[in-house]
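Visitor: One structure is given below, represented as structure tokens, and several questions about it will come after.
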Protein chains: 2
Amino acid sequence: MRKQTTLVLLLLMFGFAAADEGMWLLTQLNQLDLEKKGLQIPVSDIYNPDGTGLTDAVVWLGGCTSSFVSPNGLLVTNHHCAYGALQRASTMGTVNYIDDGFHAASYEEELPAPGQSAFVLLGLTDVTDEVLQNVKGEKDPLKRSEKLEKVIAEMVEAEEAGKTDLSVRIVPMFQGMKYHKYVYRRYDDVRIVFAPPASVGKYGGEIDNWMWPRHTGDFTFMRVYSAPDGSGAAYSKDNVPVQPKNYLRIAGSDLKEGDFTFILGFPGNTTRYRTSFSVEHNLNFIYPNTIKDFQEIINIMDELSKVDPAAEIKMAGMKAGLGNTMKNFQGQVDGMTKTDFIARKKAFEQELTAFVNSDKKLKKEYGDVLNKISAEYASLNATRVLDDALNSFGRLSGSMFGVANTIFTTVDELAKPEKDREPGFNPKMVSRTKDRLKFTYSSYYEPFDIAIFERTLNKPGVQNLEAVKAVLNGRDVKSFVAEAYASTQLKNLEFAQSLFEKTPAELKALNDPFINLVIALQPQRKASRERGEKFGANIDLLRQKYIEVLLAWKGESGMYPDANGTIRLTYGEVAGYEPADAVVYEPFTSLAGVVEKNTGAEPFDAPQKLVDLYNSKDFGRWTDPELKEVPVAFTHRCDITGGNSGSPVMNAKGELIGLAFDGNYEAMTGDWQYDYEIQRTISVDIRYVLFIVEKFGGAGHLLQEMNL
Amino acid sequence: MRKQTTLVLLLLMFGFAAADEGMWLLTQLNQLDLEKKGLQIPVSDIYNPDGTGLTDAVVWLGGCTSSFVSPNGLLVTNHHCAYGALQRASTMGTVNYIDDGFHAASYEEELPAPGQSAFVLLGLTDVTDEVLQNVKGEKDPLKRSEKLEKVIAEMVEAEEAGKTDLSVRIVPMFQGMKYHKYVYRRYDDVRIVFAPPASVGKYGGEIDNWMWPRHTGDFTFMRVYSAPDGSGAAYSKDNVPVQPKNYLRIAGSDLKEGDFTFILGFPGNTTRYRTSFSVEHNLNFIYPNTIKDFQEIINIMDELSKVDPAAEIKMAGMKAGLGNTMKNFQGQVDGMTKTDFIARKKAFEQELTAFVNSDKKLKKEYGDVLNKISAEYASLNATRVLDDALNSFGRLSGSMFGVANTIFTTVDELAKPEKDREPGFNPKMVSRTKDRLKFTYSSYYEPFDIAIFERTLNKPGVQNLEAVKAVLNGRDVKSFVAEAYASTQLKNLEFAQSLFEKTPAELKALNDPFINLVIALQPQRKASRERGEKFGANIDLLRQKYIEVLLAWKGESGMYPDANGTIRLTYGEVAGYEPADAVVYEPFTSLAGVVEKNTGAEPFDAPQKLVDLYNSKDFGRWTDPELKEVPVAFTHRCDITGGNSGSPVMNAKGELIGLAFDGNYEAMTGDWQYDYEIQRTISVDIRYVLFIVEKFGGAGHLLQEMNL
């Protein structure tokens, strides 16, 4: 039976870590008593700022996590994290590394993955005082926020100056109560070493996405290259495999239910300390609108794919991304509705209010925080229709409009005196923007671009915009769009790049339809952005106050900052769960289940070789003694979110046992609340990874490189 | 983990009872060692031909099973078994007993269920010798089959003669190796006492149909009435509640996993001893064609319901029936395909052939049985297209065409000399046919009738029939159908009934379009029927030989005859199962699960009162001590099929613990093969039944009647 205590537990939990909950900062590890909870190595073996720790093997991929698994820069992450790189490396009609997989038998055969960078963490520092001293006494939230942004940009710039491979991030913790600085070395030469075919690496596809039981071999091996001097550099055949400070060792023993596990990774974003007003805004507006929007875009993709099958590959990555977000948002809606989330948040806030009101000083300082937050969301609502219409142009980032927008806003900013420019805006950034335009062009697919541009212009809110009316100038959308694509010169990459050298007036003189539209929209989009910035500045400070009062209420122990792309540790034992009345999910799936799901049709199209291996029980050394099968994936009580994809999962000895790749659907509201009963991390078992590499892929040399 | 032994086990099992498998004859109970398997009462307490047994409380409903649960004829069965009766009792626009449920506070309020009969078994006899002596020496299968049919009809008629409430069935066992006679008393006055609303009794609807975990309160109480002298009679207000020879006692203790259970009921039809040729015929032809056909009919119903919501109720029962069969057939297709059923049957037949060939005598007697069966199916295929077209008229039984067909074929048969008539055809049957026409008219819905008649005539095979061409006489289908419904007098029930008094010539002279079509089709339909009868006679004898050789191979112990609507016992413990890799289904569901599934929208529209009872934990005495919840349904290893619906489920003490109402989807090929690992009976827990009656329905007086 499902535990009846779930709702009660949840009510108590907002904002305070329950057993196993949490995405902990490396500087918080000592307060977790991990040894008591099952860790068999000293915490200092995990993170050792003065020496070497496992964290030195954990590599940020900008949106995903990965880890070094050999002294020669061999890196392992999820297949879905390497998807874009595989896609870009695939040449239409000749090789399709997504469908076929890839295996480099030697360094020479490794496949450059253009656009993929790897960030190795060099160190982290608390810079709270250094940052906040600049805004002491500043009462105006927006000015304070702008100052902070400027100061941070300057600090980053100063530290990166002259170091081409350094990447510095200064990020607020606890909504700005603290600021931490993370310094990375950036490597731009990352190559693909081994990728299973999609029929293994994406087995189950969108149907199984977010689902348990799961049978996806979601992994890919890459290798990080540095310049011969060890510095990070762009691809060059003279580059050499990087020699990481540390790399992970593969587990030498089998994993089983109840085992202690932990994860090191870069979770992107959580909102665990938000108020009911924020929840309402998302549940009633952001989620349903985005779902509708993305579904329309996917429909467009599907129509185009019917006409041109080659288009499918071009759009596959983006479609997968949209589908993933949609399913996530739908899960949020379902989960929040089912658990009556808003009502429980409100009940919690009532309790909090009672606490605040019980103390005069607290009441004075914090008594109006909730009301002020509520007022901020009301003001956001007041201009929502207009802002929505304007924001829909922001979703055209990979399009011709997006190119025009990038060029014009960059040139326009460059034309300003340096002191008036946006913080963080500098020539290096301009040059990188210009250079990265080539990725936009290499994945550009015009029929899709035309369709989404038309769709945007056809939105009722957009049609009401004076700027749009002016640019259309009486023409209907269809003919305007047709003319625009026929007449624009922006489709030529070299031409587009050359425009970064122009002045705004010169751009205007081009009379390019896309640039014209960017210029026409500029005043209203600027005003909208400023409204957003004002809301952001106000709400940030209010949220900080809300966290302060939470701390005052319950004390500091057990609170971790929301995820923000910085490295975190989460831990919890291997455990199944009970998703519904009379249903128990066990924590391990097996190769038998891969075959059981196999229909021969995508996404359940297991390769015949894999089925043959199963039928002949040719499991090598990868049989689990209890399952008597090759384990494929497992669930455990770790607390992860987007950004953790590809994160190494370790056992009590700190050895690699798997790669996190998903959360379960039942706990999709996990970004808002942690649920001990049903929230699970889904990881691919390292034994399946190695079975596929060795028995299916015939890449035994990689096992040798990992000392197996 | 799912056991890897499943396939191996299955291969060994065709035709021979594995642990717990079997639908056993009452005369076989002593060979089962039930006491060793957990039964705590003597077998003679279950079935005692010389005294009283539990079998005396088990009542056939003609398609379903039920049981007496009080000395005053209170009967309990499934809600879906009483569905048609509830539907007929519902008056459009005023009361809807399906949606609202029904509760009679007194005998007087009980609701007549027209068309519902209850059959109480009086006794059973082996009449093999009496039957088979009539066909000794008859070599021609068809003549033999016709003689048998005639003899059996005569025996039945002789025994029923002069006894208005007696119903005699003589049925072949083991494909005609044996014949058993079952004598019943028929009661035509059955009244509805308590039915939950569909939101309880059909909770989960088609979505959950065949599924586990299940949360359906699938029960209805009825009461059987007799004439004051105790004989069976049609409804009369002078009738009195029947005093059954025995009735079941409600279990006094809680049920739990592993407990011994058994079921007494009337399973309708299984095909456990069929050959691969029969499987191929069904898998490749019957199932897919029927699924397609029924889906088309359901689509027609859905279209009509959109236009006329009242139509929905009229067609609800039929739609549910079609949906049920479709899901079943799809499950058969899925299950057979997934388990590679044909290949395994063929492998089994190879083994059998090797055994037969190993013995000269056996080879002579049985060496060609499989080849001959194969040849029969080949001949069936040869005329399949034509037979299909003709058979499609047989599916119009509730339509105007069906009425015309019933009248004409009856009158035509009556016109023959008595000795030439079909066996079993007699004036009593004619009179009952005439009388039962009223049920056809009370559920008649013309727009649906028109639509399916048109659909039939539009089938390509049907359009090719000369008889159809002749009747259409150049008109297109649409205008012919419109004219037919405009001109026919058959829509008047009294007129239609009066036609039973006419001669075939007089019917012909009416020039009714439906009767004209029946007459035109008659020669070809007769020829098709004769082909079918010849196939049936041949295949029956061959199947009998096949069973003989199975017996010769493996010995007689452990073989039970295929289900054929006669009373059977099946037993097996309470157990969950493992439907897929890493998924475990527990054997009990609970009220918590009802609430968990509740969306407020049909079919998951739990009544608010039920939700309130759950929220206030107002469970009365119906809480299970282990679940700490009201149990709703459970799974156990009994072996049932259609016809078992409503069957009483007993514990080791022979006390009532539930009502069987479904099998699980994973084992839908159960009619062809029993699967110990995943085949389960789904029963509603008697504690949920009583909780609903008492706490939800406020019908405590029924509990008193059951001595609770």
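Visitor: Among the aspartates and glutamates, select those whose C-alpha is under 14 Å from the C-alpha of A:LYS628, and discard any that sit fewer than 8 residues away in the same chain.
Guide: Cross-link targets: A:ASP254, A:ASP618, B:ASP581.
Visitor: When N counts the residues of segment B:593-708, how does its alpha-carbon radius of gyration compare numerically with 2.2 N^0.38 Å, as a ratio? Display every interim value, and only then the final one.
Guide: Values: Rg = 15.8 Å, N = 116, 2.2 N^0.38 = 13.4 Å.
Cα Rg divided by the expected 2.2 N^0.38 Å: 1.18.
Visitor: Okay, next question. I need the trypsin sites (Lys or Arg not before Pro) found in segment B:216-264, filtered to DSSP loop residues with at most 14 other beta carbons within 10 Å of theirs. It would help to have the intermediate numbers written out before the result.
Guide: Working: sites: B:ARG223, B:LYS237, B:LYS245, B:ARG249, B:LYS256; in loops: B:LYS237, B:LYS245, B:ARG249, B:LYS256.
Passing sites in segment B:216-264 are B:LYS237.
Visitor: What net charge do the residues around A:LEU29 carry, taking every other residue with its C-beta under 14 Å from that of A:LEU29, with Lys and Arg at +1 and Asp and Glu at -1?
Guide: Numbers: positive: A:LYS36, A:LYS37, A:ARG568; negative: A:ASP33, A:GLU35, A:ASP45.
Around A:LEU29, the charge tally is 0.
Visitor: Next up: At the nearest 100 Å², what buried accessible area, both sides summed, do you get for B and A when the probe is 1.4 Å? Provide the component values of the computation, followed by the final result.
Guide: Details: alone 30070 and 30090 Å², together 58300 Å².
Between B and A, the summed buried area is about 1900 Å².
Visitor: Let me ask another. In nm, give the distance between the simple-model label positions of B:GLU130 and B:ASP99, each being 7 Å from the Cα along the Cα-to-Cβ direction.
Guide: Between B:GLU130 and B:ASP99, the simple spin-label model gives 5.2 nm.
Visitor: I'd like the per residue volume of the convex hull spanned by the Cα atoms of the protein assembly as shown, given in cubic angstrom.
Guide: Values: hull volume 308.6 nm³, N = 1416.
Convex hull volume per residue, Cα atoms: 218 Å³.
Visitor: How big is the dipole moment of the protein assembly as shown about its Cα centre under a simple scheme where the beta carbon of each Lys and Arg is +1, that of each Asp and Glu is -1, and everything else is neutral? Debye, nearest 20, please. Numbers along the way, then the final one.
Guide: Details: 156 positive and 190 negative charges, 238 e Å.
My answer is approximately 1140 debye.
Visitor: Can you work out D for chain A in µm² s⁻¹ from Stokes-Einstein, where Rh is the Kirkwood radius over C-alpha pairs, the temperature is 10 °C and the viscosity is 1.306 mPa s? Before the final figure, lay out the partial values.
Guide: Values: Rh = 27.1 Å.
Answer, rounded: 59 µm²/s.
Visitor: Another question, if that's okay. Remind me, what semi-axes does segment A:476-616 give for its equivalent ellipsoid, largest first in whole Å, using sqrt of 5 times each Cα gyration tensor eigenvalue? Write out the running numbers ahead of the final one.
Guide: On the way: eigenvalues 497, 271, 49 Å².
Gyration-tensor ellipsoid for segment A:476-616: 50, 37, 16 Å.
Visitor: Quick check on the protein assembly as shown: helices-only [θ] at 222 nm, where DSSP H runs of length 4 and up contribute -39,500 (n - 2.57) each and the sum goes over total residues. Nearest 500, please. Display every interim value, and only then the final one.
Guide: Numbers: 58 runs with 624 residues, N = 1416.
Helix contribution divided over all residues of the protein assembly as shown: -13000 deg cm²/dmol.
Visitor: Determine the sum of side-chain charges near A:LEU507: Lys and Arg each +1, Asp and Glu each -1, restricted to other residues whose C-beta is under 11 angstrom from that of A:LEU507.
Guide: Working: positive: A:LYS502, A:LYS508; negative: A:ASP412, A:GLU501, A:GLU506, A:ASP512.
Around A:LEU507, the charge tally is -2.
Visitor: On to the next question. From the phi of every residue in segment A:416-426, what ³J(HN,Hα) in whole Hz does the Karplus formula 6.51 cos²θ - 1.76 cosθ + 1.60 yield, where θ is phi - 60° and glycine or proline is x?
Guide: Per-residue couplings from phi come out as 6, x, 3, 5, 8, 6, 4, x, x, 7, 8 Hz.
Visitor: Follow-up. Leaving out ligands and nucleic acids, note down the accessible area per residue over segment A:276-548 with a 1.4 angstrom probe, in whole Å². Present the calculation step by step, with values, prior to reporting the outcome.
Guide: On the way: 13550 Å² over 273 residues.
Heavy-atom accessible area per residue stands at 50 Å².
Visitor: Could you quote the convex hull projected area for segment B:153-210, Cα atoms only and averaged over all directions, in nm²? Intermediate results must be reported in sequence, preceding the final value.
Guide: On the way: hull surface 29.3 nm².
Spelled out: convex hull of the Cα atoms, projected over all directions, averaged, 7.3 nm².
Visitor: Once amide H atoms are placed 1.01 Å from N in the peptide plane, what residues at a sequence separation of 5 or more from B:VAL649, or on another chain, have their amide H within under 5 Å of its amide H?
Guide: The answer is B:ILE657, B:GLY658, B:LEU659, B:ALA660.
Visitor: First measure r as the distance between the Cβ atoms of A:SER487 and A:MET429, then evaluate 1/(1 + (r/R0)^6) with R0 = 45 Å and state the FRET efficiency to the nearest 0.05. Display every interim value, and only then the final one.
Guide: Values: r = 30 Å, r/R0 = 0.67.
Approximately 0.90, to the nearest 0.05.
Visitor: Still on this structure: I'd like the distance separating the alpha-carbon centroids of segment B:166-237 and segment A:306-353, in whole Å.
Guide: Value for the Cα centre distance between the two parts: 48 Å.
Visitor: Along its three principal axes, how long is segment B:276-548 when you only count alpha carbons? Whole Å, largest extent first please.
Guide: Extents along the principal axes, in whole Å: 68, 50, 37.
Visitor: Let me ask you something else. With the label 7 angstrom out along Cα to Cβ, how close does A:GLY162 come to the same site in each of the other copies, in nm, nearest first?
Guide: List, nearest first: 12.4 nm.
Visitor: Take the solvent-accessible surface of the protein heavy atoms, probe 1.4 Å, and return the percent of it on segment B:356-424 that carbon and sulfur atoms account for. Let's see the in-between values first.
Guide: Values: 1840 of 3780 Å².
Carbon-and-sulfur percentage of accessible area, whole number: 49.
Visitor: Determine which lysines satisfy two conditions relative to A:LYS469: a Cα distance under 16 Å, and not lying fewer than 8 residues away in the same chain.
Guide: Once the sequence-local lysines are set aside, what remains near A:LYS469 is A:LYS459, A:LYS478.
Visitor: What percentage of the solvent-accessible surface of segment A:473-588, computed with a 1.4 Å probe over protein heavy atoms, is contributed by carbon and sulfur atoms? Spell out each step's value before the answer.
Guide: Numbers: 2420 of 4780 Å².
With neighbouring chains kept in place, the figure for segment A:473-588 is 51 percent.
Visitor: For segment B:276-548, what's the relative contact order in percent, using C-alpha pairs closer than 8 Å and at least 6 residues apart? Can you show the working numbers first?
Guide: Details: 188 pairs, mean separation 67.3, N = 273.
With pairs under 8 Å counted, the relative contact order is 25 percent.
Visitor: Just to confirm the numbers: A:ARG395, label point 7 angstrom along the Cα-Cβ line, distances to the other copies in nm, shortest first?
Guide: Computed spacing set for this position: 4.5 nm.
Visitor: Shifting gears a bit: Give the value in nm², to one decimal: projected area of the alpha carbon convex hull of segment A:328-479, averaged over all directions. Intermediate results must be reported in sequence, preceding the final value.
Guide: Details: hull surface 60.2 nm².
Here the figure is 15.0 nm², rounded to one decimal.
Visitor: Run through segment A:622-708 and list the trypsin sites (Lys or Arg not before Pro) located in a DSSP loop whose Cβ has at most 16 other Cβ atoms within 10 Å.
Guide: Numbers: sites: A:LYS628, A:ARG637, A:LYS653, A:ARG680, A:ARG687, A:LYS695; in loops: A:LYS628, A:ARG637, A:LYS653, A:ARG680.
Here the sparse-neighbourhood loop sites are A:LYS628, A:LYS653.
Visitor: Taking only C-alpha pairs under 8 Å that are 6+ residues apart, what is the relative contact order of chain B in percent?
Guide: Computed value for chain B: 25 percent relative contact order.
Visitor: Just to be sure I understand: chains B and A are related by a rotation, so which residue of B has its Cβ closest to that axis, and how close in Å?
Guide: Smallest Cβ distance to the axis, with its residue: B:VAL584, 2.
Visitor: For B:SER379 and B:ALA343 in the same chain, what is the full-extension length gain: residue separation times 0.36 nm, less their Cα-Cα distance, in nm?
Guide: Working: separation 36, 0.36 × 36 = 12.96 nm, distance 2.23 nm.
Roughly 10.7 nm would be gained on extension.
Visitor: Show the residues, 5+ positions off or on another chain, whose built amide H is closer than 5 Å to the amide H of B:PHE604.
Guide: The answer is B:GLY204, B:THR599.
Visitor: Using a 1.4 angstrom probe on protein heavy atoms only, which residues from segment A:568-604 are buried by at least 30 Å² of accessible area when all chains are present rather than their own chain alone?
Guide: A:ASP581, A:ALA582, A:VAL583, A:VAL584, A:GLU586, A:GLU596
Visitor: Another question about this same structure. What is the distance, in nm, between label points placed 7 Å from the Cα along the Cα-to-Cβ direction at B:SER231 and at B:LYS143?
Guide: Distance between the two pseudo-spin positions: 4.2 nm.
Visitor: Would you mind listing the distances between the B:GLU454 label point and the same position in each other copy? Use 7 Å along Cα-to-C-beta, nm, one decimal, shortest first.
Guide: Reported distances to equivalent positions: 3.7 nm.
Visitor: Could you pull out the pairs from A:LYS150/A:LYS292; A:LYS256/A:LYS319; A:LYS181/A:LYS363; A:LYS150/A:LYS502; B:LYS136/B:LYS181 whose alpha carbons sit more than 28 Å apart here?
Guide: The answer is A:LYS150/A:LYS292; A:LYS256/A:LYS319; A:LYS181/A:LYS363.
Visitor: Turning to a different aspect of this structure: Can you list residues whose amide H is under 5 Å from A:GLY265's amide H, if they're 5+ apart or on another chain and H is modeled 1.01 Å from N?
Guide: A:ARG568
Visitor: Continuing with the same structure: For each cysteine in chain B, check whether another cysteine's C-beta sits under 4.7 Å from its C-beta; list those where none does.
Guide: Flagged as lacking a Cys partner: B:CYS638.
Visitor: Let me ask you something else. Going highest first, how would you order A:365-372, B:314-321 by mean Cβ packing within 10 Å? List each step's numbers first, then the result.
Guide: Numbers: A:365-372: 17.1, B:314-321: 18.9.
Those peptides, ordered most packed to least, come out B:314-321, A:365-372.
Visitor: Taking the Cα centre of each part, how many Å lie between segment A:463-507 and segment A:384-455?
Guide: Using only Cα atoms, the two centres lie 13 Å from each other.
Visitor: Work out, step by step, the length gained on full extension between B:LEU122 and B:ILE41: first 0.36 nm times the residue separation, then minus their alpha carbon distance; give nm to one decimal. Could the numbers behind the result be given before it?
Guide: Details: separation 81, 0.36 × 81 = 29.16 nm, distance 2.25 nm.
Going from the current span to full extension adds 26.9 nm.
Visitor: Note the per residue figure in Å³ for the convex hull of the C-alpha positions in segment A:234-363.
Guide: Numbers: hull volume 39.8 nm³, N = 130.
Roughly 306 Å³ of hull volume per residue.
Visitor: A further question on this structure: Quick check of the Kirkwood formula: for segment B:33-119, what is the inverse mean of 1/r over all pairs of different Cα atoms, in Å? If you can, show how the numbers build up before the last one.
Guide: Details: mean 1/r = 0.0646 Å⁻¹.
So the Kirkwood estimate lands at 15.5 Å.
Visitor: Now for a separate question. Provide the gained length on full extension for the span A:LYS361 to A:GLN31, in nm with one decimal, where the gain is 0.36 nm per separating residue minus the Cα-Cα distance.
Guide: Details: separation 330, 0.36 × 330 = 118.80 nm, distance 3.00 nm.
Additional length available on full extension: 115.8 nm.
Visitor: Leaving ligands, DNA and RNA out of it, report the carbon-plus-sulfur percent of the accessible area of segment B:123-226 at a 1.4 Å probe.
Guide: Numbers: 1990 of 3970 Å².
The nonpolar share, carbon plus sulfur, comes to 50 percent.
The values are calculated or read from the model by the stated rules, or taken from the named source; none is laboratory data. Please read all numbers here as calculations on a predicted model, not as lab measurements. Heads up, the Cβs are rebuilt from the backbone with ideal geometry, glycines too, and the neighbour counts pull from every protein chain shown. Heavy atoms of the whole protein, side chains included, go into the accessibility calculation; ligands, DNA and RNA do not. Shrake-Rupley method; radii C 1.70, N 1.55, O 1.52, S 1.80 Å.
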